[in-house]
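Q: Take this structure, written in C-alpha cells, and hold onto it; I'll ask about it next.
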Amino acid sequence: MNRKIILVLVTSLVVSVLSGCGNTPESVVKGYYTDLGRGNLSSAKGALSKQILDMFPDAKVMALLAEQSKKITGCGGLKSITTNYEIQGELAKGTTAFEYNDCPSRKERISLIKENGAWKITH
C-alpha cells in the first residue's frame, strides 16, 4: 500500500514539474529555431505571436519562415542554441546565441509575450 502511495506522489511530482517546463521563453525560442532547422515551418509558425501573424498574410509568413530555414540549413544546421532571458510580467526579453556547424556564431535579441498562458515570439 505504501509503495502505491509513493508511486502516485512521485508520478504527480514529475508531471507537475514537466508541465511547468514546457513553455518557458527559452524552450519556445529553442523549439522555434530547432523547427526551422528541421524544416518544420508550421510548427515554427506556432511559436509566433498574434501580433506578428496579424502583420502579414499567411503566405508571406510561411515564405519568411522558409527563408530563415534555408539560412540555417545553408550553414550546415545548428550546433547549439544558448538563451538568456528575463521575465517581466507578461513580457520576456533576452538574447539567443546560435552556433552553426559551418558558419560563424551569432547572437540575436528576441522578445516574447505571454498570450493565453503561452509564450510567443514578438521580435
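Q: Which residues among the range 81-98 fall inside the zone where the amide N is under 17 Å from a point 7 Å beyond the Cα of K114, along Cα→Cβ?
A: 85-94
Q: Still on this structure: Near I110, within a Cβ-to-Cβ distance under 15 Å, what is the net charge of the other residues, with Lys and Arg +1 and Asp and Glu -1?
A: Counting the neighbours of I110, the net charge comes to +3.
Q: On full extension of the chain, what length is gained from K60 through T24, given 0.36 nm per residue of separation minus the C-alpha to C-alpha distance? Present the calculation step by step, with values, prior to reporting the outcome.
A: Values: separation 36, 0.36 × 36 = 12.96 nm, distance 2.70 nm.
Fully extending the segment from K60 to T24 adds 10.3 nm.
Q: I would also like to ask the following. Calculate, in nm to one decimal, what C103 and Q51 gain on full extension: separation in residues at 0.36 nm each, minus their alpha carbon distance. Each step should come with its number before you reach the end.
A: Working: separation 52, 0.36 × 52 = 18.72 nm, distance 3.11 nm.
Gain in length upon complete extension: 15.6 nm.
Q: Given H placed 1.01 Å from N in the peptide plane, which residues other than close sequence neighbours of L48 have an amide H under 5 Å from its amide H?
A: Result for L48 returns I121.
Q: Let me ask something additional. Hey, could you pull the Cα Rg and Dmax for the range 25-121, both in Å?
A: Cα radius of gyration and Dmax of the range 25-121 are 13.2, 38 Å respectively.
Q: Students often forget the sequence filter, so: which lysines lie under 18 Å Cα-Cα from K60 once same-chain residues fewer than 8 apart are removed?
A: K45, K50, K70, K71
Q: With +1 assigned to the C-beta of every Lys and Arg and -1 to the C-beta of every Asp and Glu, and no other charges, what is the dipole magnitude of the range 25-121 about the Cα centre in debye, to the nearest 20?
A: Details: 14 positive and 11 negative charges, 26 e Å.
Using Cβ point charges on Lys, Arg, Asp and Glu, the range 25-121 gives about 120 debye.
Quick note: the coordinates plus some simple rules give every number you see, no bench work behind them. Worth saying up front: this structure is predicted, and the values here are computed from it rather than measured. Neighbour counts run over all protein chains shown; Cβ positions are idealised from the backbone, glycine included.
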